[in-house]
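All remarks here apply to the structure that follows.
The values are calculated or read from the model by the stated rules, or taken from the named source; none is laboratory data. Note that the coordinates shown come from a computational prediction; the quantities given were computed from them, not determined experimentally. Here Cβ is always computed from backbone atoms with ideal geometry, including for glycine, and neighbour counts include all displayed protein chains. Just the protein is used for accessible areas: all its heavy atoms, side chains included, with ligands, DNA and RNA removed. Shrake-Rupley method; radii C 1.70, N 1.55, O 1.52, S 1.80 Å.
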Amino acid sequence: CGATTFIGGRAMGLIARGRGAGVTLLPDVEVGEGAIVGAGTVVVGVDTSGSIGAKELDMFFAEMAGILEDVRPQRLVIMWCDASVHRFDEAEEPGDLNVIRAKGAPGGGGTSFVPVFEEVEKMGLTPDALVYLTDGYGTFPKQVPYTVIWGNISPPGAVKYPFGDVVDVPKQAA
């Protein structure tokens, strides 16, 4: 499934391939028959700024479906953010994303990644990972003590992410 290439196949696959080398993106995750399972809470920040259109949102939904199918987190919290967080959603299975998609993606303004990280702290979440799906053009927060994976849709190397792991979201995921 093309949707799994971001976190399910590429970033999460680093756990399976890197265990002997000491590379771990998500702690306490078991590797099964080609699937990565056992994550607790995964937060997904979705960039809904003015530079993100329907095509990019389709890619983001495909990546969230991949996370749900391959990572199977106990909890997937989705935060929709341009310069502020406009809505929170939770999904347990890929089918939930259809209901969420029907609500629309709120935003369309400028871009700051900071509010998602502030909300994680306010909510008292300790995510196994925060995955931020974005073009990378915005205001970054200070580094946080949990795993951050930037799902980058800009050309590789076009944006300098100040911390975390950067995974280029494949265009065919849409």
**OP:** Taking the Cβ of Pro141 as the centre, find all other residues whose Cβ is under 12 Å away and add up their charges (Lys, Arg: +1; Asp, Glu: -1).
**Re:** -2
Original post:
Which of the trypsin sites (Lys or Arg not before Pro) found in region 65-112 are loop residues per DSSP with 11 or fewer other Cβ atoms within 10 Å of their Cβ?
Top reply: Lys103
**OP:** Just check region 29-174 against the gyration tensor rule for me: Cα atoms, a ≥ b ≥ c as the square roots of the eigenvalues, rounded for a/c under 1.5, and otherwise prolate or oblate depending on whether a/b exceeds b/c.
**Re:** rounded
Original post:
Can you give the relative contact order of region 97-174 as a percent, counting alpha carbon pairs under 8 Å and 6+ residues apart?
Top reply: 24
**OP:** Check cross-link reach from Lys103 to the lysines: straight Cα distance under 21 Å, and skip same-chain residues fewer than eight apart.
**Re:** Lys55
Original post:
Which aspartates and glutamates does Lys160 reach when only Cα atoms under 17 Å apart count, and residues fewer than 8 places away in its own chain are ignored?
Top reply: Asp47, Asp135, Asp168
Subject >> Pairwise FRET efficiency - Thr126 versus Glu92, Cβ, R0 = 25 Å, nearest 0.05 >> reply: 0.80
**OP:** Evaluate the distance, in nm, between pseudo-label points positioned 7 Å from the Cα of Lys160 and of Ala102 along their respective Cα→Cβ axes.
**Re:** 4.6
Original post:
Per residue, how much accessible area does region 64-174 show when a 1.4 Å probe rolls over the protein heavy atoms, in square angstrom?
Top reply: 48
Original post:
By the gyration tensor of its Cα atoms, with a ≥ b ≥ c the square roots of the eigenvalues, what is the shape of region 63-109: rounded for a/c under 1.5, prolate for a/b over b/c, or oblate?
Top reply: prolate
**OP:** Mind giving me the nanometre distance, one decimal, between the label points for Arg75 and Gln143, set 7 Å out from Cα along Cα→Cβ?
**Re:** 2.7
Original post:
What length, rounded to one decimal in nm, is gained on full extension from Lys55 through to Lys171, with 0.36 nm per residue of separation minus their alpha-carbon distance?
Top reply: 40.8 nm
**OP:** Just need the relative contact order of region 131-174 here, percent rounded to a whole number, with Cα pairs under 8 Å and 6+ apart.
**Re:** 39
Original post:
For all pairs of alpha-carbon atoms in region 114-174, what percent lies in each bin of width 10 Å, listed from the first bin to the last filled one?
Top reply: 21, 53, 24, 3
